[in-house]
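A quick write-up on the structure given underneath.
The values are calculated or read from the model by the stated rules, or taken from the named source; none is laboratory data. As the structure is a computational prediction, the values presented were derived from the model and not from experiment. Backbone-built Cβ (ideal geometry, glycine too); neighbour counts: all protein chains shown. Surface accessibility is based on the protein's heavy atoms, side chains included, excluding ligands, DNA and RNA. Shrake-Rupley method; radii C 1.70, N 1.55, O 1.52, S 1.80 Å.
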Amino acid sequence: MKRKLVVIGAGMASGRMLEHLLDANPDAWDVTLFNGEPRGNYNRLMLSPVLSGEKTYEEIVTHDADWYRARGIDCRFGEPVVKIDRKNRTVSSNLGGAPYDALVIATGSAPFIIPVPGKELPGVVTYRDLEDTHAMIEAGVAGKDAVVIGGGLLGLEAAAGMAARGARVTVIHLNGHLMERQLDPAAGYLLQKDLEARGIRVHCNGATKAILGHDRAEAVLLEDGTVYPADLVCMAVGIRPETRLANDTHLEVERGIVVDDAMRTSDPHIFALGECVEHRKQLFGLVAPLYDQAKVLAKTLAEEEAEFRPVQTATKLKVTGCDLFSAGDFAEGEGREDIVFRDPGRGIYKRLVLQDNRIIGVVMYGETGDGNWFYGLMKDGTDIEEMRETLIFGPAFQGGSKLDPMAAVAALPPEAEICGCNGVCKGTIVKAVQGGATTLDAVRACTKASGSCGTCTGLVEQVMKFTLGDSFTAAAPAGMCKCTDHSHEDVRRLIKSMGLKSIPAVMQELGWKTVGGCHSCRPALNFYLLAEWPLDYRDDRQSRFVNERNHANIQKDGTYSVVPRMWGGVTTPAELRAIADAADKYNVPMVKVTGGQRIDLLGVRKEDLPHMWADLNAAGLVSGHAYSKGLRTVKTCVGSEFCRFGTQDSTGLGIRLEKLLWGSWTPHKVKLGVSGCPRNCAEATCKDVGVVCVDSGYNISVAGAAGMELKETEHLASTPDEDEAVEIITAFVQLYREQAKYLDRPYKWVAKVGLDWVKAQVVEDIDNRRALVARFDLSQSVYRRDPWADLSTPTETPKWGPLADLTLEAAE
Amino acid sequence: MTVFVDIGPLDAIPQQGARVVKTAQGCVAVFRTADDRVFALEDRCPHKGGPLSEGIVHGTSVTCPLHNWVFDMNSGTAQGADEGLVRTFATKVQQGRVLIDATLIRRSNAA
């Protein structure tokens with residue numbers, strides 16, 4: 001006699017299970033299938049092509065009513081089961097019921113709704129089943145604003161689908177990069193770039209605070225205050241296993257319905273599979289393990305031995321044009337090695353994670369054809385030692401050319417500027433080379449490229465090599481650090497010409513060889529980016545050395561020194577009292593006068609810093625930036641105000657310069673001196689910029705040094721006018737900011753580019769001088785602010801102390 | 001089996017940064033990587049005692065702020081030409097909270 005099998009839920013997992021079960025034993029079971037949705041089984045993975053209009057519902061059906069009927073299955077579609085009676089082994093639906101010998105629960109999952117105000121407004125939808133999909137299509141999204149909350153697989157497919165139907169789409173994602181469960185930051189960056197190129201706006205690090213609107217959704221408000229207009233809000237933040245029936249009948253339920261290896265629940269007559277189950281603490285959302293479960297459960301029901309063992313599964317995003325592949329574990333870890341391949345020109349990123357000569361993780365973006373081959377090697381645990389050298393190039397590639405270091409230059413458009421001094425673009429150089437200029441000197445002679453400051457020589461040579469092929473051999477410039485072969489100068493230029501505005505963007509587009517850079521390149525990149533894009537780039541504190549991150553100088557014992565700014569070295573009794581009070585209050589072990597006419601409080605504990613800053617701020621004192629690659633001090637003498645030899649107001653000029661320049665970040669520290677007469681009491685002629693006042697005006701000299709090297713300044717300009725002196729000095733500092741290599745003091749930089757060139761830029765060419773000043777002012781509109789005030793607020797102050805104090809628990 | 005104790009929310013540690021936990025066995029630096037993994041190391045460079053918690057975090061390495069020794073955070077071993085080892089402690093992240101090896105509550109590591 002046939003046994004009675006009742007299945008709740010006609011989804012992909014139960015459909016596959018019934019296939020296996022009935023193929024093996026067509027006559028063993030009487031099957032009754034209940035389904036809440038009024039239809040059979042369709043391929044949920046294909047919902048996004050339906051949403052985007054690339055497919056219709058009919059094309060994605062896998063098991064329709066006819067399929068079930070042909071196998072003698074009693075279909076109760078549109079008839080949700082409301083109760084399971086375990087004692088009498090029956091289920092009841094809204095219309096009737098059925099007895100069972102074996103029951104399979106395959107109720108799937110429900111979308112997770114984030115609990116924010118406005119979540120129940122009309123216009124807020126989820127993206128999970130065909131109804132949701134139709135709701136979005138019928139809402140007629142064309143020309144409307146849509147916001148998708150959640151930048152995971154489903155969210156991005158929903159976003160792409162709506163964008164394809166003509167909506168203006170914004171994706172809000174809580175994490176720092178998209179699809180963080182499947183992608184590392186580099187691949188996440190590329191994905192974001194591709195989506196943005198198709199007009200989808202992406203807001204990472206965005207936490208939704210509320211959905212705004214009166215009668216229906218109108219906008220989405222984020223915690224950071226951003227508001228995006230939204231006619232339609234799609235929540236795609238995750239799923240929750242549908243366990244209500246199992247709960248009501250007191251089966252064992254954790255996050256999902258708990259099953260054993262044979263897919264049996266805590267009741268031996270009841271089984272479960274699909275997204276509603278939890279197996280060994282794990283939930284399942286991807287289709288491959290669900291199909292494995294289907295196979296196992298079919299065997300269990302046929303009373304054969306079978307065990308469900310989840311395997312690593314691979315993910316692909318089904319968004320046309322965004323080609324990504326992810327499988328396994330791609331976090332860094334002990335004993336793990338990376339093989340990274342980047343082709344910036346084509347937006348390709350591939351990363352294999354190896355452990356013990358075996359692939360344990362794969363992330364690919366841009367070109368994923370070899371994904372399944374890598375995935376196969378990973379699943380099989382193949383020893384890859386033999387093919388390690390060429391592994392990343394895929395199965396078709398054994399031995400051949402290596403990563404092309406010229407890819408970034410090759411990808412530049414002809415109008416990209418290569419030589420900033422002379423305004424020479426790539427196309428001009430290519431034309432010159434094709435016209436017969438085959439040596440660097442010849443190119444310089446006919447285009448002027450790299451003929452002035454010379455720092456773009458490496459790039460010009462790369463353009464020549466790209467044009468000439470192997471017949472050209474250039475002297476290879478030294479790379480910035482072990483992470484890249486590009487020189488500092490090249491990186492600076494490419495940041496500008498390629499419009500790179502973040503550290504991950506630079507690392508990807510310029511083919512960084514490491515995953516997250518190192519302590520050497522990260523501070524340099526951070527400076528180059530903030531100097532190039534003062535308004536767009538946000539300073540990355542974690543890429544700064546400790547002193548700049550903590551706005552104080554670390555000492556050998558881990559304490560810090562605090563130096564308040566004293567404009568031009570001038571102070572007041574009130575300021576001195578505040579400094580003395582702070583020194584007492586925080587038990588400062590040493591108070592010292594510095595070489596730059598400031599007072600240094602040495603030996604301050606980190607957790608005291610914000611409190612001390614707040615106290616000093618209250619007395620009108622701000623950070624002296626004694627720790628920064630930036631403007632340090634302007635040292636002055638008393639000048640004509642008091643000194644009987646003084647010719648000009650050197651103190652006043654020093655204060656004016658310091659108030660103008662403070663807060664700016666520079667490639668290395670910058671110190672100024674202003675002396676009121678040629679006796680030079682402020683020792684201005686060994687500073688980065690020195691002014692010596694004379695009867696007829698101001699002598700400006702630059703590029704001095706009084707450190708490991710000792711060097712007198714060189715004369716830059718003389719002017720009778722204080723305003724012009726200030727303008728020239730500002731332009732010099734800005735030129736240094738724009739041109740110098742990170743950690744080159746001005747004297748080193750001037751030695752490389754030549755003082756004559758600097759003079760031409762900031763003294764002789766007045767338009768250029770004014771443009772430099774304007775760019776400096778723009779940057780200062782962002783950076784001329786007191787970090788002490790910013791970091792001693794009630795929210796920031798606690799971050800300076802320990803995260804936890806376990807010694808207190810020990811005492812208890 | 002390792003017993004863990006809660007030390008605070010993951011969000012309190014900046015990505016590619018660290019926070020310090022005071023223990024009876026000395027300060028411990030708790031690091032968070034760019035991909036949100038957490039490591040705990042003794043906050044003391046074996047070279048000259050520098051606070052590793054103030055170093056630049058890159059990948060799963062940290063560079064000591066005083067003299068640029070680089071340590072692998074998985075094992076605590078110095079990289080490159082330098083030789084040295086710092087103690088590491090088990091951590092885990094659960095529901096957005098960071099947990100650390102509870103033996104750190106003890107007064108000494110032998111207890």
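What part of the accessible area of the protein assembly as shown, given as a whole %, is carbon or sulfur when the probe is 1.4 angstrom?
The nonpolar share, carbon plus sulfur, comes to 50 percent.
Write down the Å³ per residue value for the convex hull defined by the alpha carbon atoms of the stretch B:4-105.
Roughly 81 Å³ of hull volume per residue.
Please give the average number of partner chain Cβ atoms lying within 10 Å of the Cβ of each residue in B:73-86, rounded to a whole number.
Partner-chain Cβ atoms within 10 Å, mean over residues of B:73-86: 1.
Counting Lys +1, Arg +1, Asp -1, Glu -1, what net charge surrounds A:HIS250 among other residues with beta carbon under 13 Å of its beta carbon?
That works out to 0.
Using alpha carbons only, how many degrees (0 to 90, rounded to 10) separate the axis of helix A:287-301 from the longest principal axis of chain A?
30
Which residue, A:THR730, A:VAL758, A:VAL702, has the largest displacement toward the positive end of the dipole of the stretch A:686-812 when charges sit on each Cβ (Lys, Arg +1; Asp, Glu -1)?
A:VAL758
Kirkwood hydrodynamic radius, the stretch A:124-237, all distinct C-alpha pairs: what's the number in Å?
13.8 Å is the Kirkwood radius here.
Charges only on Cβ, +1 for Lys and Arg, -1 for Asp and Glu: so what's the dipole of chain A about the Cα centre, in debye to the nearest 20?
Taking the Cα centre of chain A as origin, the dipole is about 1260 debye.
How big is the stretch A:547-628 by Rg and Dmax over its Cα atoms, in Å?
Cα radius of gyration and Dmax of the stretch A:547-628 are 11.4, 32 Å respectively.
Roughly how many Å² of A:ILE360 are accessible to a 1.4 Å probe, to the nearest 10?
40
Summarise the partner chain shielding of B:59-70 as one whole number: the mean count of Cβ atoms from other chains within 10 Å of each residue's Cβ.
4
When Cβ neighbours within 10 Å are restricted to other protein chains, what is their mean count per residue of peptide B:17-26?
That works out to 5 on average.
For a quick check: with amide H placed at 1.01 Å from N, whose amide H comes under 5 Å from B:PHE4's, ignoring anything fewer than 5 positions away on the same chain?
So B:PHE4 has HN proximity to B:ALA102.
Along the three principal axes, how long is the stretch A:692-736 when you take its alpha carbons, biggest first, rounded to the nearest angstrom?
Cα spread of the stretch A:692-736 along its principal axes, largest to smallest: 34, 25, 11 Å.
Count the lysine pairs in the stretch A:1-112 that are 8 or more places apart or on different chains: how many have C-alpha atoms under 29 angstrom apart?
The result is 4.
Rolling a 1.4 Å sphere over the protein heavy atoms, what is the accessible area per residue of the stretch A:520-613, to the nearest Å²?
I get 41 Å² per residue for this part.
Calculate the translational D of the stretch A:647-731 in whole µm² s⁻¹ from Stokes-Einstein, where the hydrodynamic radius comes from the Kirkwood formula applied to all Cα pairs, the temperature is 25 °C and the viscosity 0.890 mPa s.
Diffusion coefficient, whole number: 193 µm²/s.
Cβ under 12 Å from A:LYS350's Cβ, A:LYS350 left aside: what net charge do those residues give with Lys, Arg +1 and Asp, Glu -1?
Combined, the nearby Lys, Arg, Asp and Glu give -3.
In the neighborhood of B:VAL93, defined by Cβ-to-Cβ distances under 12 Å, what is the net charge if each Lys or Arg adds +1 and each Asp or Glu adds -1?
Computed value for this residue: 0.
Anything losing 40 Å² or more of accessible area from the isolated chain to the full protein assembly: pick those residues out of the stretch A:549-577, probe 1.4 Å, ligands and DNA/RNA ignored.
A:ARG549, A:ILE554
Cα-based count: Lys pairs in the stretch A:708-812 below 29 Å, eight or more positions apart or different chains?
Close lysine pairs under the 29 Å cut-off: 7.
Taking Cα atoms, how many degrees apart are the long axis of helix A:650-661 and the longest axis of chain A, rounded to 10 and kept between 0 and 90?
Long axis of A:650-661 versus the principal axis of chain A: about 20 degrees.
Cut-off under 26 Å on the C-alpha distance; same-chain residues fewer than 8 positions from A:LYS119 excluded. Which lysines are left, in chain and number order?
Cross-link targets: A:LYS144, A:LYS209.
Taking Cα atoms of the stretch A:631-785, Rg/Rh with Kirkwood Rh, to two decimals?
So for the stretch A:631-785, dividing Rg by the Kirkwood Rh gives 0.94.
Which percent, to the nearest 5, of DSSP beta bridges fully inside the protein assembly as shown are antiparallel?
70
List the aspartates and glutamates whose Cα lies under 17 Å from the Cα of A:LYS379, skipping any in the same chain that are fewer than 8 positions away.
Of all the aspartates and glutamates, those that pass the test against A:LYS379 - Cα under 17 Å, at least 8 places apart if same chain - are A:ASP292, A:ASP329, A:ASP356, A:ASP370.
Given charges of +1 on the Cβ of Lys and Arg and -1 on the Cβ of Asp and Glu, with all other atoms neutral, how large is the dipole of the stretch A:491-571 about its Cα centre, in debye to the nearest 20?
I would put it at about 100 debye.
At the nearest 100 Å², what buried accessible area, both sides summed, do you get for B and A when the probe is 1.4 Å?
Heavy-atom accessible area buried at this interface is about 3000 Å².
Based on the mean of other Cβ atoms within 10 Å per residue, sort peptides A:431-442, A:409-420 so the most packed one is first.
Top of the packing list down: A:409-420, A:431-442.
For the stretch A:1-143, evaluate the Debye formula with one uniform point scatterer on each Cα (no solvent term) and list log10 I(q)/I(0) at q = 0.20 Å⁻¹, rounded to two decimals.
-1.21
Going out from 0 in 10 Å bins, what whole percent of all Cα-Cα distances in chain A drops into each bin?
2, 11, 16, 18, 17, 14, 10, 6, 4, 2, 0, 0, 0
Determine, for the stretch A:499-625, the count of lysine pairs separated by eight or more sequence positions (or lying on different chains) whose alpha-carbon distance falls under 22 Å.
Counting lysine pairs in the stretch A:499-625 gives 5.
Return the residues of the stretch A:514-535 for which accessible area with all protein chains present is lower than in the chain on its own by 10 Å² or more; set the probe to 1.4 Å and exclude ligands, DNA and RNA.
Those residues are A:GLY516, A:GLY517, A:CYS518, A:HIS519, A:ARG522.
Which order do A:THR300, A:THR107 take when ranked by solvent-accessible area (1.4 Å probe, heavy atoms of all protein chains), largest first?
A:THR107, A:THR300
Rolling a 1.4 angstrom probe over the protein heavy atoms, how many square angstrom per residue are accessible across the stretch A:631-785?
41
Treating the beta-carbon of each Lys and Arg as +1 and of each Asp and Glu as -1, no other charges, what is the dipole magnitude of the stretch A:124-237 about its Cα centre, to the nearest 20 debye?
The dipole magnitude comes to about 220 debye.
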